[in-house]
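The values are calculated or read from the model by the stated rules, or taken from the named source; none is laboratory data. These numbers were taken from a predicted model, which means no experiment stands behind them. Counting neighbours? That spans all protein chains shown, and the Cβs are built from the backbone with ideal geometry, glycine included.
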Amino acid sequence: MLKRSLMHGTRTFRVAIRALGRNKMRSFLTALGIIIGVGAVIAMVSIGEGAKRGIEDRFASMGTNLLFVSPGSRNVRGVHSGFGSFQTLKAEDAAAIEELPAVMFVSPAVNARAQVVYSNKNWNTSIQGTGARYPEVRAWDVEFGSYFDESHVRAAAKVCVLGADVKQNLFEDEDPVGQVVRVKRIPFKVLGVMKRRGESGGFGSRDDMIAVPYTTAMRRLQGIDYIQSVDVRAVSAALMPEAQRQIEELLRVRHRIAPGAEDDFQVRNMSEIAETAAESTKIMTILLGSIASISLLVGGIGIMNIMLVSVTERIREIGIRMAVGAREKDILLQFLTEAIVLSLIGGLIGIGFGIGSSRLIKKIQMFSSMNTVVSVESVLLAFFFAAAIGIFFGFYPARKASRLDPIEALRYE
């Protein structure tokens, strides 16, 4: 019984291949919709997965016991100015936070953007005003040279440490340590170069920066008397909630915030930020995959259209097969098999097209910072979705063919 079923299935498959081979160009154009759909789904999902992986890697490289203290949202007569509109964070707040039992290291932050000049070269980059403990807080080591110390911070010294991209663009193979660069026409002595960290999951390079003492950034570059945020490393990941609670209580006391009043600061931990970022990339991946899936549906409609045409063209053939003993389910299976074969062939070619497109995206210059990750799950999902499309859109034409009246079919010209 099993052997007979296998023989029957093999014969049906061969007949389907022969039928599709009679109109090779038409079959190819029909499968092309599935090829493009499967390829687009894999490529779009790989972009979203790459962005997600890049964000996860970035957070993992910084550690899980990081907290970020930033100014809160100012509310004036019911109008919220957005986070960062308060200017109440002071360097003294950062120093007080560092004394808390659950806190290990602290680095105040004052950021800007400026043109950096060395000799006849210049480069526009991010200027990050930090504390002396910034390498420990962010788990980011100096490759050669040294980072500035507390004496440089207290004196608001004109010293800096370069990110790897800035070093490459301004100095190339020359040793930058001891050289002088100009930021907003102010000379800064280069103390060292940070280790390369690479791209940030499609969100720009982390190495495109210059670190200076935050006091220097406040007084000489920005002309402000407050800090913009504080990076905090807790003693351990387990003490993150305790560190966050201690920081909030301390700042409420220091800023004289009455019980029940709105905080003028915000404390976020790494896990919250990581979860938010992961959720955002997940939504983006679903959106990209959904948009690409539309082309699969269009391909399925194309299969239905061609199979209906095929039924009309082969009415006499169907009548002859019924006359010599073919049952209704045999005709149904025959046309359904043709639709499924078209979908599966298109799906297999589409998988290759999608994987190739994903790899090509990374090699194109304008997308060089974009990471793509082709997952087995996305490949299987796209392939089985293509098979389901073949079954769904091929069923109606197959059912129509199987319900033809044999006598009327034999009379058909």
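For the stretch 233-248, does any single residue satisfy the condition of being more than 22 Å from residue 66 (Cα to Cα) and either modelled with pLDDT under 90 or among the aliphatic types (A, V, I, L, M) (or both)? No; the residues of the stretch 233-248 include none that is more than 22 Å from residue 66 (Cα to Cα) and either modelled with pLDDT under 90 or among the aliphatic types (A, V, I, L, M) (or both). Restricting attention to the stretch 135-155 and to residues that are in a loop (DSSP other than H, G, I, E, B) and of a type in the set (A, V, I, L, M, F, W, C), the residue that is surrounded by the most Cβ atoms within 10 Å (Cβ to Cβ) turns out to be 148.
Each row is one residue, and each column tells you yes or no for (1) touching a residue at least 24 places away in the same chain (Cβ under 8 Å); (2) of a type in the set (A, V, I, L, M, F, W, C); (3) over 23 Å from residue 149 (Cβ atoms); (4) not in a strand (DSSP E or B).
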position: 174; (1), (2), (3), (4): no, no, yes, yes
position: 177; (1), (2), (3), (4): yes, yes, no, yes
position: 192; (1), (2), (3), (4): yes, no, no, no
position: 207; (1), (2), (3), (4): yes, no, no, yes
position: 212; (1), (2), (3), (4): yes, yes, no, no
position: 216; (1), (2), (3), (4): yes, no, no, yes
position: 231; (1), (2), (3), (4): yes, no, no, no
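Of the residues screened, residue 311 is not one that is surrounded by fewer than 17 Cβ atoms within 10 Å (Cβ to Cβ) and either under 16 Å from residue 391 (Cβ atoms) or in contact (Cβ under 8 Å) with a residue 24 or more places away in the chain (or both). Only residues that are crowded, with 20+ Cβ neighbours inside 10 Å and charged (D, E, K, R) were counted across the stretch 104-134, and they come to 1.
Residue 327 meets the stated requirement of being charged (D, E, K, R) and under 25 Å from residue 10 (Cα atoms).
Filtering 252, 256 for residues that are surrounded by fewer than 16 Cβ atoms within 10 Å (Cβ to Cβ), more than 20 Å from residue 134 (Cα to Cα), at pLDDT 75 or above and not aliphatic (A, V, I, L, M) leaves a single hit, 256. Of all the residues in the stretch 215-238, those that are buried (at least 17 other Cβ atoms within 10 Å of the Cβ) and within 30 Å of the chain's Cα centre (by Cα) number 7. Residues of the stretch 19-53 being within 14 Å of residue 310 (Cβ to Cβ) and polar (S, T, N, Q), which ones? 23, 27, 30 - these are the residues of the stretch 19-53 that are within 14 Å of residue 310 (Cβ to Cβ) and polar (S, T, N, Q).
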